[in-house]
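Here's the structure we're looking at; comments come further down.
The values are calculated or read from the model by the stated rules, or taken from the named source; none is laboratory data. On a predicted model such as this, the values are computed, not experimentally measured, just so you know. Note: ideal-geometry Cβ built from the backbone for every residue, glycine included; neighbour counts use all protein chains shown. Areas reflect the complete protein model, heavy atoms only, side chains present, ligands, DNA and RNA absent. Shrake-Rupley method; radii C 1.70, N 1.55, O 1.52, S 1.80 Å.
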Amino acid sequence: ALWGIIEFRFYTPMKDIVLDLLNRRPRMVDPFALLNEQTSLDNMLMDLGVGDGTRQTRAAALAAASRMYEAEVSGGAIRGLLRGRVAQLMLIQIQQLKADLLTAMDQIDNLVDANRLNVQLLASIPALLILFYGTRTLYLFWSSARMKDFRLPHDVHADMSDLLKKVEECLVLANYQLDVAAVSISAEENI
């Protein structure tokens with residue numbers, strides 16, 4: 001149970017902070033996989049005859065492919081399937097969804113990376129509080145055991161205040177008695 005607390009509250013957040021600072025965190029999306037899917041989509045659009053295989057013309061080529069799909073389906077879905085154009089256009093739409101999904105996951109990766117350090121620092125706050133109050137309690141217990149007097153600091157402070165007031169009262173009274181003695185001596189000398 002104790003090791004679980006140490007691992008969950010101390011070790012894991014600190015390890016994650018170090019990994020974040022060193023940029024050694026695995027990402028959800030491999031940049032090569034994203035580039036591969038986008039290139040595959042561009043090649044499929046080029047094979048269809050609506051794009052030139054570059055990223056710059058992808059949006060226009062996708063719009064043209066969508067219009068072709070609508071035209072094929074409006075002429076009859078079965079007839080379009082038999083001719084083979086509907087299947088190819090559906091595969092292009094699936095590839096577009098796949099590429100868009102990987103792009104969205106890459107954006108999520110960027111957001112997670114931007115906020116990961118903040119979250120890890122936030123996760124370490126309970127550990128720091130446990131450490132602070134634990135050491136403070138241990139120090140109070142150790143100092144009380146060392147003095148063989150188990151009192152709270154508030155009680156010790158109150159006792160010390162009382163003792164200081166008594167010392168001050170003694171000093172004031174001692175000074176008053178000296179003043180009275182000095183006045184009586186000077187009064188005898190004047191007589």
Next item on the list: Just need a number here: residues in region 120-130 that are open to solvent by 80 Å² or more (accessible area, probe 1.4 Å) and in contact (Cβ under 8 Å) with a residue 12 or more places away in the chain.
Entry: 2
Check: How do the pairs read when you match residues in region 143-171 that are part of a helix (DSSP H, G or I) with residues anywhere that are open to solvent by less than 100 Å² (accessible area, probe 1.4 Å) and of a type in the set (Lys, Arg), using Cβ under 9 Å and keeping only pairs 6 or more apart or on different chains?
Finding: SER144/ARG151; ASP159/ARG151
Margin query: Based on this model, can you work out whether ALA99 counts as open to solvent by less than 60 Å² (accessible area, probe 1.4 Å), within 24 Å of SER40 (Cα to Cα), at pLDDT 90 or above and out of contact with any helix residue (DSSP H, G or I) (no Cβ under 8 Å at 6 or more places or on another chain)?
Written below: no
Next item on the list: Select from region 41-55 the residues that are open to solvent by less than 60 Å² (accessible area, probe 1.4 Å) and of a type in the set (A, V, I, L, M) and list them in ascending order.
Entry: LEU41, MET44, LEU45, LEU48, VAL50
Check: What is the number of the single condition among (1) in a helix (DSSP H, G or I); (2) surrounded by fewer than 12 Cβ atoms within 10 Å (Cβ to Cβ); (3) modelled with pLDDT of 85 or more that GLN38 does not meet?
Finding: (2)
